[in-house]
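Participant: Have a look at the structure that comes next, please.
Just so it is clear, none of the values below were taken in a lab; they were calculated from the coordinates. What you are looking at is a predicted structure, and each value in this text was computed from that prediction instead of being measured. Note that each Cβ is placed from the backbone with ideal geometry, even for glycine, and that neighbours are counted across all protein chains shown.
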Ligand SMILES: *Cc1c(COP(=O)(O)O)cnc(C)c1O
């Protein structure tokens, strides 16, 4: 057995002992292969793919992606990858960049739009117009980069962006308008052509967030499914993000941001010659970076190939069809919107006796979260999403080829888990606690007050999330957004505490 290091850094330990400890630490993690963990991992279910990615990473682990003139292999691999992405999702003249993930791709697209608006239109206080279902990464980018967000409610029945309302929100300060293909939360495709058209009429840039759908939708189309146009070929779309670490099944840390031309992409780059060190040109956020992530993504794409991705998309489509049919015929379950395949969000409705306040036919948060806990107890990791702006709370699943063979088992366990959840007493939040929490100002809370609220919510950080998350999330759902954000920050701070 590996021994516990006696001090923060030991004098040194044998390699096999170090590796054994690393492997052992994963015992408490969610499984990353096998089709039972949704949202966090994407499993192609292909024999040997993990080993290929690992070998490719290892071959390039020590290469520094900072400088392609010293490591020309990096430029060759990145150009190959971006060319493949542009062939699938681009238009003539498109140029792109390999990044560490969807968040970085989005961050860079927002930076390019901000700097483009400043340079071309003299916009000094830029805004980004976002449907309310746009990924949180756009809010993060706006926060980091000093843009104001203008959030436009989506259609409450279809969960798709309202193109007319988005168009009406565009103003002189708008640097960027966003559409999702599909949205992360509900898996529905926004009316990209209408939104991009409205942006183009105002001379404003439009980004399509295809982080999750970009490598699935075109291949689904090849299997004969109808997929509306959503990429750079749509007039008015000026940039697009696609994560290769989702439906291209590369390891985490692989995404591409694509622009309509090199002139727009130029605004993404950072160059600096005003210091005594080497002349700096950084296309992405990082400076020095390993060539490993690029190499493993390249290897996975080359190996799976066009035909392989078409076959994998067919399997995802099949899994989605079967899961949707099962969910739609289940009593008290409501699928949200018309998911494009891959993602499914559903809510459960209250039945007499479970939650009198939710009532029959209304989404029932307490029941939904009990269901998530019951499913977790059966080895399935579904992602709870809380209510927002009138949109119901739900459970979120991402389907991968590894799920195809498990759909029947999933539906059977779901039916059992739902019965078990209905038999549990509803979780309620003490109105006195809510009144107290509502009166707190997150900006002026001291550490002791925050610790007390966290402890009350069952989040003291020592053991991560409690085994049953329903009581925590019901409380969290009821709190005002700024307080929620403060508590989440403190909670994660308490997890990373030395
Ligand atoms: C995953 C995702 C992102 C963010 O990507 P990360 O890779 O988690 O940084 C953005 N938008 C959509 C639609 C996504 O699915």
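Participant: Does the chain classify as rounded, prolate or oblate by the C-alpha gyration tensor (a ≥ b ≥ c root eigenvalues; a/c under 1.5 gives rounded; else a/b over b/c gives prolate, otherwise oblate)? Intermediate values should be presented prior to the final figure.
Facilitator: Working: a/c = 1.34, a/b = 1.21, b/c = 1.11.
Rounded is the answer for the chain, as its axis ratio a/c remains below 1.5.
Participant: State the antiparallel share, in %, of DSSP beta bridges confined to segment 90-178, rounding to the nearest 5.
Facilitator: On the way: 1 of 9 bridges.
If we restrict to bridges inside segment 90-178, about 10 percent are antiparallel.
Participant: Please give the length that would be gained between residue 362 and residue 387 if that part of the chain were fully extended, namely 0.36 nm times their separation in residues minus their C-alpha to C-alpha distance (nm, one decimal). Before the final figure, lay out each step's value.
Facilitator: Numbers: separation 25, 0.36 × 25 = 9.00 nm, distance 1.26 nm.
Gain on extension, residue 362 to residue 387, equals 7.7 nm.
Participant: Sticking with this structure for a sec: Given a Förster radius of 30 Å and the C-beta distance between residue 434 and residue 9 as r, what FRET efficiency does 1/(1 + (r/R0)^6) yield to the nearest 0.05?
Facilitator: Values: r = 46 Å, r/R0 = 1.54.
The value I calculate is 0.05.
Participant: From the helices alone, meaning DSSP H stretches of at least four residues, give me the mean residue ellipticity at 222 nm for the chain, per-run term -39500 (n - 2.57), in deg cm²/dmol to the nearest 500.
Facilitator: It comes out at -13000 deg cm²/dmol, rounded to the nearest 500.
Participant: Of the beta bridges DSSP finds with both residues in the chain, what % are antiparallel, to the nearest 5?
Facilitator: Working: 28 of 46 bridges.
Bridges in the chain are about 60 percent antiparallel.
Participant: Please work out whether segment 52-130 counts as rounded, prolate or oblate from its C-alpha gyration tensor, where a ≥ b ≥ c are the square roots of the eigenvalues and a/c under 1.5 means rounded, while otherwise a/b larger than b/c means prolate and anything else oblate? Before the final figure, lay out the partial values.
Facilitator: Values: a/c = 2.27, a/b = 2.01, b/c = 1.13.
Cα axes put segment 52-130 in the prolate bin.
Participant: Rounded, prolate or oblate: which fits segment 269-385, taking a ≥ b ≥ c as square roots of the Cα gyration tensor eigenvalues, rounded meaning a/c under 1.5, else prolate when a/b beats b/c?
Facilitator: On the way: a/c = 3.52, a/b = 1.96, b/c = 1.80.
Because a/c hits 1.5 or more and a/b exceeds b/c, segment 269-385 counts as prolate.
Participant: Counting alpha carbon pairs within less than 8 Å and at least 6 residues apart, what relative contact order, in whole percent, applies to the chain? Write out the running numbers ahead of the final one.
Facilitator: On the way: 883 pairs, mean separation 81.7, N = 498.
Dividing the mean separation by the residue count of the chain yields 16 percent.
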